[in-house]
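Worksheet: one structure, shown below.
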Amino acid sequence: PWYNAAAMVETSNIPASRVLVIGLDGATWAIAQPLMAAGRMPNLARLVAQGAAGSLASTVPPISAAAWVSFLTGQNPGRHGVYQFRKFDLCNYSGYRDEFATSNDYVGRSFLELAGQHGRTVGSVGIPMTYPPFPVNGFLVSGFPRPFGPTAQVYPPEMAARLGKWDAVQDSFNFSLSGAKTVETSDYWVRRYTEISIDALAEQDYDLFLVVWNSTDNIPHLFWKYTDPSFPAYDADGAQQFGDVINHQYEVADGEIGKLLAALPDPENTTVVVMSDHGMGPYPHLQVHLNAWLAEQGLLAVKAGSAGQPSIASRMVSKARKRLPAQWRHRLRDRLPAGMRADMHARHMNLDQIDWSRTEAYRFKIFPSVEGVVVNLRGRQTEGIIEPGADYDALCDRLVAALADLRDPDSGQPIVARASRRETLFEGPFLDDIPDILVELNPDYTGGSAVAGPLVTPVPLSDLSEYSASHHPDGLFVVRGAGVREGAWIDGAQIIDLPPTLMHLMGLPVASWMDGKVITSIFEPSALHEVTYADYELADVDRSTRLTGEEEDAIRAQLAGLGYLQE
């Protein structure tokens, strides 16, 4: 077998259920509930009425890379090591390596593989972060981000021939498509994934089947500006054509849910789960410049003679970003050598203006809703000046306290929802990879790169027009099945809780190394069973395996198209 037979563990005595998981990437109750009330999502409404539902807390940051790997492993990012699509590098002042996180970083630790160790059959279609495809006791079709190509990226490889021509329609993550074409191709991939799933379910009664549709994530990123008249970059003309396109994607997804439910071979013995990895909302319209604030606090030094103003080269990069259409900008950047891309990123972030030899802490760009602050630590960065130990701890505590009280000088409203030292949010062997301080911003704010000047400035309308929605920390989940409470609303669930809950539903012992817990509040009292645990023996992950240059270029293009690589 593909797995280590010595790792087999006894199945628990919990009554087993088959499980169907439907992932709606980025879906939020804020959109789904009004549509359900209006009768536009009848299948989801029926599942909610017949089962237990609630909000699902995502990871920090609430980005698909970290969230989906946490969903697959039941672990916090400090334990599985995936925080972003690109890998962090705190030794480098730019903050990132030119290397992408992939399934190679966690393979052997997913609950899909654990279920296979018990002989349970698994089908998986389109889960993000599953490229390259890895062995399961069944089949796996890789999800976003993945390279384009004429054949599907699948396990087992011979299944690709059965799926036929793969990229006959260009992937909807292609930023160069027109608005109408983006919607068309997004619809195509939702229906394509459903077709693959229905065909597979017709051939075999899988114990665990999962499918994820990305349309509820990628369409809002690009089309929110057409749907919300209060949004600063609202496009009234475009709204005539695209004003209902986000609702349409939810409706399409609901229709596909209905098709999958009708295709279940054993519906009475199948627990149905609908979930999302995070929520979605309008892109923040204000940017807070933490480097400028750190300079005011005397913790960041600007190079002599620059007065904090961008260099000529930096201003040229900024002008190019604003004047070149997105597709041309991304194409140009993708053709540059890695070193030149890194230099452009540094200039865009104004890192070339910082005197590192006199800087104690600096801003680390993570995600629109989450900023990082990194201590310039002796022995870690090349020009680190803060001593490890007591000096480091004192500076971190000082920063957390000051950031938590940060307010907008114009409105007086709090800028920061929560400031935390990394060890209060994460634990595990990869803790040292993440910035020292995590700054979760309130919804109106995102990070800015200025090293001098006002603390808060408006986000340029050109930026808001390009990417008009961003992730929110709360996703959604629904569970319907035998023994599950009907019409119950569940509070406090996290995405890392789903793998142990799903294993428990399947009558399997939960991996003792998972951080998540079984969501026992979804069950009727009569259906509660003791949760059993097992120490699954897993092979070490070879994190040194890299994608080819061609694969990385293809993935970089997809991520840039959704605004994940705004350099």
**Request:** Would you be able to tell me the number of residues in segment 97-107 that are more than 24 Å from GLY372 (Cβ to Cβ) and either buried (at least 19 other Cβ atoms within 10 Å of the Cβ) or touching a Phe, Trp or Tyr at 6+ places or on another chain (Cβ under 6 Å) (or both)?
**Result:** 2
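Which residues, taken from segment 88-108, are farther than 14 Å from ASP542 by Cα and among the charged types (D, E, K, R)? Please lay out each step first, then the result.
To start, the set of residues in segment 88-108 that are farther than 14 Å from ASP542 by Cα comprises 88-100.
Correct list: ASP89, ARG97, ASP98, GLU99.
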**Asked** What are the residue pairs meeting all of these: first residue in segment 192-212, first residue touching a residue at least 24 places away in the same chain (Cβ under 8 Å), second residue assigned to a strand (DSSP E or B) and hydroxyl-bearing (Ser, Thr, Tyr), Cβ atoms under 8 Å, and 6 or more apart or on different chains?
**Response** PHE209/SER124; LEU210/SER124; VAL211/SER124
**Message:** Pairs please, first residue from segment 218-242 and over 20 Å from HIS472 (Cα atoms), second anywhere and of a type in the set (S, T, N, Q) and outside any loop (DSSP other than H, G, I, E, B), Cβ atoms under 8 Å, 6+ apart in sequence or on different chains.
**Reply:** ASP235/SER465
**Prompt:** Quick one: in segment 177-202, which of the residues that are in a helix (DSSP H, G or I) and among the polar types (S, T, N, Q) is surrounded by the most Cβ atoms within 10 Å (Cβ to Cβ)?
**Reply:** SER186
**Message:** Would you confirm, using the coordinates I've provided, whether SER94 is crowded, with 23+ Cβ neighbours inside 10 Å and of a type outside the set (Val, Ile, Thr)?
**Reply:** no
**Prompt:** Considering segment 441-460 alone, what residues qualify as being buried (at least 20 other Cβ atoms within 10 Å of the Cβ) and within 20 Å of the chain's Cα centre (by Cα)?
**Reply:** LEU441, TYR445, THR446, GLY447
**Item:** Check on GLN33, in a loop (DSSP other than H, G, I, E, B) and at pLDDT 95 or above
**Value:** no
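Of the residues ASP497, ASP432, ASP463, ASP436, which single one is surrounded by fewer than 16 Cβ atoms within 10 Å (Cβ to Cβ) and either farther than 30 Å from GLN353 by Cβ or in contact with a helix residue (DSSP H, G or I) (Cβ under 9 Å, 6 or more places away or on another chain) (or both)?
Sole residue among the options that is surrounded by fewer than 16 Cβ atoms within 10 Å (Cβ to Cβ) and either farther than 30 Å from GLN353 by Cβ or in contact with a helix residue (DSSP H, G or I) (Cβ under 9 Å, 6 or more places away or on another chain) (or both): ASP432.
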**Message:** Can you list the strands (runs of 3 or more DSSP E) lying wholly within segment 425-485 that have 2 or more residues being in contact with a Gly (Cβ under 7 Å, 6 or more places away or on another chain)?
**Reply:** 437-441, 469-472, 474-480
**Message:** Testing ILE415 on (1) of a type outside the set (Ser, Thr, Tyr); (2) buried (at least 20 other Cβ atoms within 10 Å of the Cβ); (3) farther than 26 Å from ARG86 by Cα; (4) touching a Gly at 6+ places or on another chain (Cβ under 6 Å), one condition comes back false. Which one is that?
**Reply:** (4)
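The values are calculated or read from the model by the stated rules, or taken from the named source; none is laboratory data. Everything quoted here is computed from the prediction, not taken from an experiment. Don't worry about glycine lacking a Cβ; one is built from the backbone with ideal geometry, like all the others, and counts go over all protein chains shown.
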